[in-house]
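Colleague: Pasting a structure here, questions to come.
The values are calculated or read from the model by the stated rules, or taken from the named source; none is laboratory data. Because the structure is a prediction, the values reported are computed rather than measured. Positions of Cβ are backbone-derived with ideal geometry, glycine not excepted, and every protein chain shown enters the neighbour counts. Ligands, DNA and RNA are stripped out before the accessible areas are found, and what is left, the full protein with its side chains, is counted by its heavy atoms. Shrake-Rupley method; radii C 1.70, N 1.55, O 1.52, S 1.80 Å.
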Amino acid sequence: MHIRSSALVLAFALLLGACGGDGGGGTGPVPPSTTGSISGQVTAGSTAVPNAQVALSGGGTQTTNANGQFSFSNLEPRSYTLTLQLPQGFTLGTESATKSVMVTAGAAASVNFGVRAIPAASASVMAGNDNQFSPSAVTIVRGGTVTWTFGSVAHNVIFNQTTGAPTNVPIVSSTTESRTFNSDGTFPYVCTLHAGMTGTVQVHAP
Ligand SMILES: [Cu+2]
């Protein structure tokens, strides 16, 4: 008796599952899906990475859309390997270029890649008449250059005595000054003429 009622419940559940999602075409219940799918997203921090190539073992390559998303459908259940190829301007960082994923029938497997944007080669900072550095934080690649533009109000750029920091900019106005950063790290600086006028330069490996 117990076995019979369990079998009935199972049969009913299967019927419900088969009918769900059917548009009511009138061709009767469709069999449960025998394939699965993989979907995922490639991001660099909070930024989506479009135009990345994601190759599926056994065939097929998808290009990530504007939201960094990709998907493969109608896959027979088994283990697959995804291989990521990034567009220019991005690097894997600590992420792995290949990932294994198990696809099961009727299910969507999720595989995400978290990569890193390659920092810009240069950045510009305004040393403005409002006594602020703007933007106060910039990120550049190792060997890159930051250029400060000074208005009519005089400022200086004084770095902490950190190893790898460039030479200070003396008090200047109405000009530009550039410094090259050849060491990775965070380099804070101040204008000693104006309290609270501070900035930082982050330097990353390519
Ligand atoms: Cu200043």
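Colleague: Efficiency by 1/(1 + (r/R0)^6): what FRET value for Asn65 and Ser122, r their Cβ-Cβ distance, R0 = 35 Å, to the nearest 0.05?
Modeller: That gives a FRET efficiency of 0.70.
Colleague: Follow-up. Once the Cα atoms of helix 2-19 and of the chain are each reduced to a long axis, what angle between those two axes, in degrees from 0 to 90 to the nearest 10, is obtained?
Modeller: For 2-19 against the chain, the angle is about 60 degrees.
Colleague: Local charge sum around Val103 (other residues, Cβ-Cβ under 15 Å, Lys/Arg +1, Asp/Glu -1)? Before the final figure, lay out each step's value.
Modeller: On the way: positive: Arg78, Lys99; negative: Glu76.
Surrounding charge for Val103 is +1.
Colleague: Which far-off residues, 5 or more places away or on another chain, put their amide H under 5 Å from the one on Ala120, with H placed in the peptide plane?
Modeller: Under 5 Å from the amide H of Ala120 lie the amide H atoms of Val141, each far enough along the sequence or on another chain.
Colleague: Sticking with this structure for a sec: Taking the Cβ of Pro166 as the centre, find all other residues whose Cβ is under 15 Å away and add up their charges (Lys, Arg: +1; Asp, Glu: -1).
Modeller: Neighbour charge sum, excluding Pro166 itself: 0.
Colleague: Before rounding to the nearest 500, sum -39500 (n - 2.57) across all DSSP H runs of length at least 4 in the chain and divide by the residue total; then give [θ] at 222 nm in deg cm²/dmol.
Modeller: The helix-only estimate for the chain comes to -3000 deg cm²/dmol at 222 nm.
Colleague: Ignoring ligands, DNA and RNA, what percent of the 1.4 Å accessible area of the range 61-110 is carbon and sulfur?
Modeller: 43 percent
Colleague: To continue, here is another question. Given N residues in the chain, what is Rg(Cα) / (2.2 N^0.38 Å)?
Modeller: My calculation over the Cα atoms of the chain gives 1.69.
Colleague: Continuing with the same structure: Could you state the number of Å between the C-alpha centres of the range 162-206 and the range 82-154?
Modeller: 20 Å
Colleague: Also, I was wondering about something else. Quote to one decimal, in nm, the extra length available between Ile171 and Gln88 on full extension: 0.36 nm per residue of separation minus the C-alpha distance between them.
Modeller: 26.0 nm
Colleague: Could you state the orientation-averaged shadow area of the convex hull built on the Cα atoms of the range 34-117, in nm² to one decimal?
Modeller: Approximately 4.9 nm², given one-decimal rounding.
Colleague: Among the DSSP beta bridges whose two residues both lie in the range 120-204, what percent are antiparallel, rounded to the nearest 5?
Modeller: Here the share of antiparallel DSSP bridges comes out near 60 percent.
Colleague: A follow-up question, please. At a threshold of 8 angstrom on Cα-Cα distance, excluding pairs fewer than six apart, so keeping six or more, what relative contact order does the chain reach in percent?
Modeller: Here the relative contact order equals 15 percent.
Colleague: Under a plain spin-label model, where a point goes 7 Å from the Cα along Cα-to-Cβ, how far apart in nm are Ser37 and Ala105?
Modeller: 1.8 nm
Colleague: I've got another one for you. To the nearest 0.05, how large is the calculated FRET efficiency for Ser73 and Val30 if R₀ is 25 Å and r is the Cβ-Cβ distance?
Modeller: For R0 = 25 Å, the calculated efficiency reads 0.95.
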